[in-house]
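The values are calculated or read from the model by the stated rules, or taken from the named source; none is laboratory data. It should be emphasised that the depicted structure is a prediction, and the values quoted were computed from it without experimental measurement. Glycine also receives a Cβ, built like all others from the backbone with ideal geometry; neighbour counts cover every protein chain displayed. Side chains are part of the model used for accessible areas, which takes the heavy atoms of the whole protein and leaves out ligands, DNA and RNA. Shrake-Rupley method; radii C 1.70, N 1.55, O 1.52, S 1.80 Å.
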Amino acid sequence: MKKKRILTGFTPTGKLHLGHYVGNLENLLTLKDEYETYLLLADTHALTTLSAQNDIVRQHTIDILLDLLSVGLSEDEVTYHVESEVPEIYELSSLFSMYVSHNRALRNPTIKDEITMKGLGDQFSLGFINYPMFQAADILCVRGDLVPVGVDQEAHLEQSREIARAFNTIALKKGHSEIFPEPKALIGRVGKLIGTDGNPKMSKSLGNTIYLSATSEEVRTKVMSMYTDPNRIHATDPGTVEGNPLFIYLDTFATEEDKETIEEYKKRYKKGTVGDVEVKKYLVGVLENFLAPIRERREKYNDEKKLLEILRAGTSKTRDEAKNVLFEVKQAINFIY
């Protein structure tokens, strides 16, 4: 029986962090044997915010590929491809855009949130508004059934479903089979990981991240400066555990063996019998244990020539599939000459 497909994409605006792991990568690791998995490096998407720094997008693309391989998503189990090397994506997104009104694109809540969060005002590119059409093409060019995403990307996916339905309807009316599945979202165990500064979202642009590629010293520096309970002045003051980034990270990244110790720390924190420094040091150890196998695999893959070979092989495979999809779309709208 043919496996269903996963497609998820990563915009190379910087390296991946812990939020990406619990929001997306964890699901990919769980499902990679059950689904045929395509992982997209969306370098063109990156230009919506990095057009003035286009020279760094290529390096970010390679960095993210290394991050993905390092967490355990090997090239033998998943297919990696880069967006700019699959021209069929651009043709599909162009065709899709003819069936989506400008007002519908602007109503996308994720677009609105991004404009506000990044302070873009009205200085955003046309490509930024077309982002959902590109995303639909990214997903549908390999007929993705399931899309592991962060909670903030779910609105984009609804637009992809609308586009899939529109073209399936056109195809059926012409006597053809449906072209696309309607992709479903898969939200991670932690939809949004709180930032180290207490911001509701961990984000590269906010500088409140711990990267999957972080060194031991970088992990220690981030954790020891982590926002905790602002009302707790002294270690002997009773503290709040709920919503406290320190305990959110412990609950998220600790192993079963750590849970008894963490529960004890929570009790003592509430009573004011343990200080932030002691608990933070414990969190450093938890994160070091989590990152150890990732660092080990990173050493194996840390070779640009090898990384580019992996990317080219996967991109070639993806392009073959995208060509077939594009043919069916053009056939449905009678664009075969």
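Computed values, structure above
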| quantity | calculated |
| --- | --- |
| Test: residue 282 is over 18 Å from residue 210 (Cβ atoms) and more than 23 Å from the chain's Cα centre (by Cα) | no |
| Yes/no for residue 144 being assigned to a loop (DSSP other than H, G, I, E, B) and in contact with a strand residue (DSSP E or B) (Cβ under 6 Å, 6 or more places away or on another chain) | yes |
| Subset tally (residues that are touching a Leu at 6+ places or on another chain (Cβ under 6 Å) and open to solvent by 50 Å² or more (accessible area, probe 1.4 Å)) for segment 140-190 | 1 |
| Verdict on residue 26 being assigned to a helix (DSSP H, G or I), open to solvent by 30 Å² or more (accessible area, probe 1.4 Å) and touching a helix residue (DSSP H, G or I) at 6+ places or on another chain (Cβ under 7 Å) | no |
| Some residue of segment 13-23 being touching a His at 6+ places or on another chain (Cβ under 7 Å) and crowded, with 16+ Cβ neighbours inside 10 Å | yes |
| Residue in segment 1-54 that is farthest from residue 71 (Cα to Cα), counting only those that are under 13 Å from the mean Cα position of the chain (by Cα) and charged (D, E, K, R) | 15 |
| Close pairs from segment 173-188: first closer than 22 Å to residue 148 by Cβ, partner assigned to a loop (DSSP other than H, G, I, E, B) and hydrophobic (A, V, I, L, M, F, W, C), Cβ under 9 Å, at least 6 apart | none |
| Helices (runs of 4 or more DSSP H) (entirely within segment 85-133) containing at least 1 residues that are under 21 Å from residue 323 (Cα atoms) and at pLDDT 75 or above | 87-97 |
| Condition met for residue 299 (open to solvent by 40 Å² or more (accessible area, probe 1.4 Å), without any contact (Cβ under 8 Å) to a residue 24 or more places away in the chain and either within 22 Å of residue 193 (Cα to Cα) or in contact with a strand residue (DSSP E or B) (Cβ under 9 Å, 6 or more places away or on another chain) (or both)) | no |
| Residue check, residue 294 open to solvent by less than 70 Å² (accessible area, probe 1.4 Å) and either among the hydroxyl-bearing types (Ser, Thr, Tyr) or under 30 Å from residue 61 (Cβ atoms) (or both) | yes |
| In segment 29-44, residue farthest from residue 81 (Cα to Cα) [restricted to those that are assigned to a strand (DSSP E or B) and open to solvent by less than 10 Å² (accessible area, probe 1.4 Å)] | 37 |
| Test: residue in segment 320-331 that is outside any loop (DSSP other than H, G, I, E, B) and over 25 Å from residue 79 (Cα atoms) | yes |
| Subset of segment 258-281 [surrounded by 13 or more Cβ atoms within 10 Å (Cβ to Cβ) and of a type in the set (A, V, I, L, M)] | 262, 274, 279 |
| Single residue of segment 213-247 satisfying the filter (aliphatic (A, V, I, L, M) and touching a residue at least 40 places away in the same chain (Cβ under 8 Å)) that is surrounded by the fewest Cβ atoms within 10 Å (Cβ to Cβ) | 224 |
| Residue in segment 209-220 that is of a type in the set (A, V, I, L, M, F, W, C), under 21 Å from residue 264 (Cα atoms) and assigned to a loop (DSSP other than H, G, I, E, B) present | no |
| Residue match in segment 291-299 (condition: in a helix (DSSP H, G or I), at pLDDT 95 or above and within 25 Å of residue 164 (Cβ to Cβ)) | no |
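For (1) touching a strand residue (DSSP E or B) at 6+ places or on another chain (Cβ under 9 Å); (2) crowded, with 20+ Cβ neighbours inside 10 Å; (3) touching a residue at least 40 places away in the same chain (Cβ under 8 Å), each residue gets a yes or a no:
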{"site": "66", "(1), (2), (3)": "no, yes, yes"}
{"site": "74", "(1), (2), (3)": "no, no, no"}
{"site": "80", "(1), (2), (3)": "yes, yes, yes"}
{"site": "102", "(1), (2), (3)": "no, no, no"}
